[in-house]
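Engineer: Shown below is the structure under consideration.
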Amino acid sequence: MKTSVRFEAALKKLYIAFHNNTLHPECCMQCAVGNILDNTDNWKHLSDQHGSLTLNYLGNVHQMLGRKFNGYSPLELLKIEATFLNACGYKLPMHHKNKKPKQPTNKEVLFQGLCEVIELLCDLDGVPNVMDYTKLFKVEHNRPKHQLTEMLR
């Protein structure tokens, strides 16, 4: 399967952050977008609230100019972050009074967030969800419908 450079880079950064325990939903430099953008927090100035899908003035200017950050538009970045936070169990936009997970860095919480983010990244690039393993278990005439080798291409 052919994927974009931005997708490959984002997936690699998220994979490394997950396994190095440097993924944290409440830190703008260590959240999904913070990791995709090389552990910077400049992206937080695109919106007025963490987890919001609404661009502020600065975000709209960058969006209208067609600006990309590691391949992603400001609106795409906000969608990625909102997807991650929502899947981790946060009520958005983030606020200290809103619902949040008891253990935000729990591996299961982070994995759920990453699964949703990866599905979104695939959608943004128009490729099949790389996390979809259901094809591996499809059977036709009591035999696997798809071979593992064709799934890995």
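Engineer: What about CYS115, is it farther than 15 Å from LEU11 by Cβ and either hydroxyl-bearing (Ser, Thr, Tyr) or touching a residue at least 12 places away in the same chain (Cβ under 8 Å) (or both)?
Structural biologist: Considered against the rule, which asks whether it is farther than 15 Å from LEU11 by Cβ and either hydroxyl-bearing (Ser, Thr, Tyr) or touching a residue at least 12 places away in the same chain (Cβ under 8 Å) (or both), CYS115 comes out as no.
Engineer: Restricted to segment 36-57, and to residues that are in contact with a helix residue (DSSP H, G or I) (Cβ under 9 Å, 6 or more places away or on another chain) and of a type in the set (S, T, N, Q), which residue is surrounded by the most Cβ atoms within 10 Å (Cβ to Cβ)?
Structural biologist: Filtering first and then ranking leaves SER47.
Engineer: So, in segment 85-109, of the ones that are in contact (Cβ under 8 Å) with a residue 12 or more places away in the chain and of a type in the set (S, T, N, Q), which residue ends up nearest to GLN30 (Cα to Cα)?
Structural biologist: THR105
Engineer: Further question on the same structure: Scan segment 115-130 residue by residue and report those that are part of a helix (DSSP H, G or I) and in contact with a Ser or Thr (Cβ under 7 Å, 6 or more places away or on another chain). Break it down stepwise before answering.
Structural biologist: Keep residues of segment 115-130 that are part of a helix (DSSP H, G or I), which gives 115-125.
If the condition is that a residue be part of a helix (DSSP H, G or I) and in contact with a Ser or Thr (Cβ under 7 Å, 6 or more places away or on another chain), then GLU116, VAL117, LEU120, ASP125 are the ones that fit.
Engineer: So in segment 13-71, with the set limited to residues that are closer than 24 Å to LYS99 by Cα and of a type in the set (Val, Ile, Thr), which one is nearest to the chain's Cα centre (by Cα)?
Structural biologist: Across segment 13-71, the extreme among qualifying residues is VAL33.
Engineer: Between GLN63, GLN30, which is farther than 18 Å from LEU114 by Cα, touching a residue at least 12 places away in the same chain (Cβ under 8 Å) and polar (S, T, N, Q)?
Structural biologist: Working: GLN30 fails: farther than 18 Å from LEU114 by Cα.
Only one candidate passes the filter, namely GLN63.
Engineer: Considering only segment 58-76, how many residues are surrounded by fewer than 17 Cβ atoms within 10 Å (Cβ to Cβ) and either within 17 Å of CYS31 (Cα to Cα) or of a type in the set (Asp, Glu) (or both)?
Structural biologist: Looking only at that region, the number is 1.
Engineer: Looking at the structure I just gave you, is LYS79 in a loop (DSSP other than H, G, I, E, B), surrounded by 13 or more Cβ atoms within 10 Å (Cβ to Cβ) and at pLDDT 90 or above? I'd like the intermediate steps shown before the answer.
Structural biologist: Numbers: in a loop (DSSP other than H, G, I, E, B): no; surrounded by 13 or more Cβ atoms within 10 Å (Cβ to Cβ): yes; at pLDDT 90 or above: yes.
Spelling it out, it is not the case that LYS79 is in a loop (DSSP other than H, G, I, E, B), surrounded by 13 or more Cβ atoms within 10 Å (Cβ to Cβ) and at pLDDT 90 or above.
Engineer: Filter segment 50-64 for residues that are at pLDDT 95 or above and in contact with a Lys or Arg (Cβ under 7 Å, 6 or more places away or on another chain) and give the result.
Structural biologist: LEU53
The values are calculated or read from the model by the stated rules, or taken from the named source; none is laboratory data. Because the structure is predicted, anything quoted here is derived from the model rather than measured. Note: ideal-geometry Cβ built from the backbone for every residue, glycine included; neighbour counts use all protein chains shown.
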